[in-house]
Amino acid sequence: MTELQRFIELGRASASLLHEISNPLTAAMLHLELDDRKLPHIKRARRDLELVNSYVEAARQQVRGQCICTNFSIQAQLNQIKQVVTPMASKAGVRVVMGKSPTATFYGDPIKFQHILVNLIVNAIEAYETKGGGVRLVSVQLSGKGDQLTLQVRDWGKGIASSELPNIFNPFYTTKDRSGRGLGIGLATVKQYVTESFHGSIQASKPDGSGTRFVIELNSVEPN
């Protein structure tokens, strides 16, 4: 009952946030439209805002129980994801290495595909708590063919304790309590998207006792 109440409160807060963020987001995009669009930083800011807007729209669809599935270019999504995470990675002194897609297109919700990878990559970047020596790398590898796709997201950061691994996909469970950043819904949402939207699976492990590796199996389900 306590967990259900937290979901209800989260739903109300999310609906309110979606409503409140839409108007200033639209205004910001219009201001950039009126500005000099030839300037590189203006063009970049507009692209970033358009991406945020697509996330907001995807969240609205999620609240309504809707899903917009289509054939999308995996490589195009990977390029966009790298643009999103690169500033954060650079600030943390972490290098993100992303492999090439083994297949050109995939059927599903492209925004949810982005959400899955962005969440895992951001978590991997945050696993490097402070700048320092040693390996500071996040590796994203892809394999598979046809209707199946396997993603591996690997870091060599502080890692997750073995005792915590079975719980990390549970709603409201977080290993980020000390930082105050974690709500415990990121990995739970990732697992929901993987299993329900892509009919796949996700596993986390601590390879060689160093860092964390997530292995995600996605399935492309064509419409009837």
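Taken together, the residues in segment 169-203 that are hydrophobic (A, V, I, L, M, F, W, C), over 20 Å from residue 114 (Cβ atoms) and either at pLDDT 90 or above or assigned to a helix (DSSP H, G or I) (or both) amount to 0.
Within segment 75-131, the set of residues being among the polar types (S, T, N, Q), buried (at least 16 other Cβ atoms within 10 Å of the Cβ) and more than 21 Å from residue 45 (Cβ to Cβ) comprises 101, 103, 119, 123.
Comparison of 162, 139 shows that the only residue that is at pLDDT 80 or above, assigned by TED's automatic domain parsing to the domain that holds residue 101, of a type in the set (S, T, N, Q) and farther than 21 Å from residue 74 by Cα is 162.
The values are calculated or read from the model by the stated rules, or taken from the named source; none is laboratory data. It should be emphasised that the depicted structure is a prediction, and the values quoted were computed from it without experimental measurement. Heads up, the Cβs are rebuilt from the backbone with ideal geometry, glycines too, and the neighbour counts pull from every protein chain shown.
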